[in-house]
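See structure below.
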Amino acid sequence: MRITVVGTGYVGLVSGACLADVGNDVLCLDVDPAKIQTLQQGGIPIHEPGLPELVRRNVEAGRLRFTTDVEAAARYGTVQFIAVGTPPDEDGSADLQYVLAAARNIGRYMDGYRVVVDKSTVPVGTADKVRATIAEELAARGAAIDYSVVSNPEFLKEGAAVEDFMRPDRIIIGADDERAIDCMRELYAPFQRNHARQLVMDVRSAELAKYAANAMLATRISFMNELANLAETLGADIEQVRQGIGSDPRIGWHFLYAGCGYGGSCFPKDVKALVRTGREHGHELGLLAAVEAINRRQKLRVVDKVVRRFGEDLRGRHFALWGLAFKPETDDMREAPSRVVLEELFARGATVAAYDPAASREARRIFGQETRLGCVERPMQAIEGADALIVLTEWKEFRSPDFERIRAQMRQPVVFDGRNIYEPAVMRRYGIEYFGIGRRCRAA
Ligand SMILES: NC(=O)c1ccc[n+]([C@@H]2O[C@H](COP(=O)([O-])OP(=O)(O)OC[C@H]3O[C@@H](n4cnc5c(N)ncnc54)[C@H](O)[C@@H]3O)[C@@H](O)[C@H]2O)c1
């Protein structure tokens, strides 16, 4: 099949490369010329395991190409995936300007039947807007060309995006016309050879299902964070509570970790957008508004602990920070807790040496002029002379560090663990003063 993917970001590039890998011819479009140039020259603009090999293989096979040519892209694929960003607008609603610009371009230049697939996360009713936008453009051209609009929300996780796309839990197809449904079945058949994973439903339910999934996961995290804060006051240990409830099959183990809050390009904006959608339709989604508020507070939790330990004035204090990305195996820092923590530390006069296996370049881009931030190449470099170590991302390489060395190289052995990756008892043994989230931590 000939496929165009509009928007070559985390979702678009992974989707395009995976679709090419099963034999389709894929053209990825982006309006960012620097991104397309990087890709055309063999570079990969994001950190995603397995992606460089996958892209290289399919480019070499001639099945995957990149362009900034909007007209060529609209004329290329029978299937046109829209995978552009839907960032929050000022009022928290999803900003649809990129989705509708993509639809407009498709309508302006398409020259035959198209299945237009909304893969971006978009509020209920967006497929209707995409349909209307294309209709307007066709009318302006005086063209009568048939097309279908499908909702196909994406559930891949950054850090495991290739694997998730290749072996999805489910493929949601929201559509109401048979021709489009058949096309999507054919397109996704290679990704569900073991058993059917396709759920065909009406467009609005498909659009809402994506928000429901992210809102549920965010709710679990905020629930655990709220309980973690209570556990600290009560002298209980949230990790033991987690074991106590995760073992219940009705609850399960996933997304029950207390920590310094969720970040990333999806949960924060999708929860906000869903709350906003509710409000627009006269439904106050009180639970989700609380999920969002708890998360905002939780990102400050580590700073609260630092301030309690070192005082409000942090001038002259120097911190080591491990983990800038919002989660491991990605360089994505959108809404990452690290951004809030860094801002707060800088505001109090502290300096920071940060290490992240993938996100240093992104941090330099975000904090460009900030002289109080140094990004270092190795975790132990960050530790030297630090008043404390702050861990904000649970990268594997942080899990079992050389604690003797940490203690020896720091000005004082203090660790703030925003992801609960260390055991308080072990830290005590090493003589490290340890602060987790919702844990029973006695100072060393
Ligand atoms: N990142 C994830 O893990 C993830 C997972 C599931 C769903 N989603 C959803 O997928 C969508 C895309 O997310 P992302 O993280 O890939 O975003 P991204 O910001 O990484 O990529 C979006 C790309 O679209 C490009 N773009 C914008 N307008 C364009 C236009 N008119 N024509 C062509 N290109 C255009 C941008 O230049 C950018 O490169 C969002 O709605 C997001 O909520 C993301």
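Every number in this text was worked out from the coordinates using simple rules, so none of it is lab data. All values derive from a computational prediction rather than experimental measurement. Note that each Cβ is placed from the backbone with ideal geometry, even for glycine, and that neighbours are counted across all protein chains shown.
For this structure, a couple of remarks:
- Relative exposure of D202, D25, D270, judged by other C-beta atoms within 10 Å (fewest first): D202, D25, D270
- Interatomic Cα distance distribution for region 341-380, bins of 5 angstrom, percent: 6, 24, 33, 24, 12, 1
- Estimated purely from DSSP H runs of n ≥ 4, each contributing -39500 (n - 2.57), the mean residue ellipticity at 222 nm for the chain is -13500 deg cm²/dmol once divided by its residues.
- Computed over the chain: relative contact order in percent, which uses C-alpha pairs under 8 Å that are six or more apart: 12 percent
- Scalar couplings 3J(HN,Hα) for region 341-353, obtained by applying the Karplus form with A = 6.51, B = -1.76, C = 1.60 to θ = phi - 60°, are 4, 4, 4, 5, 5, 4, 4, 9, x, 7, 10, 9, 10 Hz; x denotes Gly and Pro.
- Expressed to the nearest 5 percent, the antiparallel share of DSSP beta bridges inside region 2-201 is 5 percent.
- Top of G159, G244, G418 by mean-square fluctuation, Gaussian network on the chain, Cα under 10 Å: G244
- Working from label points 7 Å from Cα in the Cα-to-Cβ sense, the D182 to Q41 distance is 4.6 nm.
- Placing unit charges on the Cβ atoms of the charged side chains and taking the dipole of the chain about its Cα centre, the candidate lying farthest along the positive direction among A293, C441, A61 is C441.
- Cross-linked pairs K129/K299; K35/K327; K305/K396; K269/K305: Cα-Cα separations exceed 29 Å for K129/K299.
- For region 193-199, Karplus couplings with θ = phi - 60° (6.51, -1.76, 1.60), whole Hz, Gly/Pro x: 6, 5, 7, 5, 10, 8, 10
- Near F191: Cβ cut-off under 9 Å, other residues only, Lys/Arg at +1 and Asp/Glu at -1. The net charge is +3.
- Across region 2-201, counting alpha-carbon atoms alone, Rg and Dmax equal 15.9, 46 Å.
- Only Lys, Arg (+1) and Asp, Glu (-1) charged, at Cβ; region 57-110 dipole about Cα centre in debye: 500 debye
- Taken about its Cα centre, the chain carries a charge dipole of about 1060 debye when Lys and Arg each add +1 at the Cβ and Asp and Glu each add -1 at the Cβ.
- Ordered from longest to shortest, the equivalent ellipsoid semi-axes for region 4-112 are 23, 18, 12 Å, each the square root of 5 times a Cα gyration tensor eigenvalue.
- Under 5 Å between amide hydrogens, built in the peptide plane, is the criterion, and for I390 it picks out A320, L321, W322, F416 among residues at least 5 positions away or on other chains.
- Label-to-label distance, D202 versus A61, with points set 7 angstrom from Cα along the beta-carbon direction: 3.9 nm.
- Per-residue Cβ neighbour counts within 10 Å put H195, H281 in the sequence H195, H281, beginning with the fewest.
- Residue among C375, C260, C183 with the largest mean-square fluctuation in a Gaussian network model of the chain, springs linking Cα atoms under 10 Å: C183
- The GluC sites (Glu not before Pro) of region 52-116 that meet both conditions, a loop assignment by DSSP and at most 14 other Cβ atoms within 10 Å of the site Cβ, are E90.
- Over all Cα atoms in region 299-435, the spread is summed up by Rg and Dmax: 13.5, 40 Å.
- Amide H contacts under 5 Å for I173: L199, V200, M201, restricted to partners 5 or more places along the chain or on a different chain, H placed in the peptide plane at 1.01 Å from N.
- Rh by Kirkwood over Cα pairs, then Stokes-Einstein D for region 211-296 at 1.567 mPa s and 4 °C, µm²/s: 96 µm²/s
- With semi-axes defined as the square roots of five times the eigenvalues of the C-alpha gyration tensor, the equivalent ellipsoid of the chain measures 43, 24, 20 Å, largest first.
- Region 2-201 - charge dipole about Cα centre, Lys and Arg +1 at Cβ, Asp and Glu -1, debye rounded to 20: 560 debye
- Normalised by the number of residues in region 222-334, the mean separation of alpha-carbon contacts (under 8 Å, six or more apart) gives a relative contact order of 28 percent.
- Taking the chain as a Gaussian network of alpha-carbon nodes connected by springs under 10 Å, the highest mean-square fluctuation of the residues A325, A180, A144 belongs to A144.
- When DSSP beta bridges are restricted to pairs lying wholly in the chain, around 5% turn out antiparallel.
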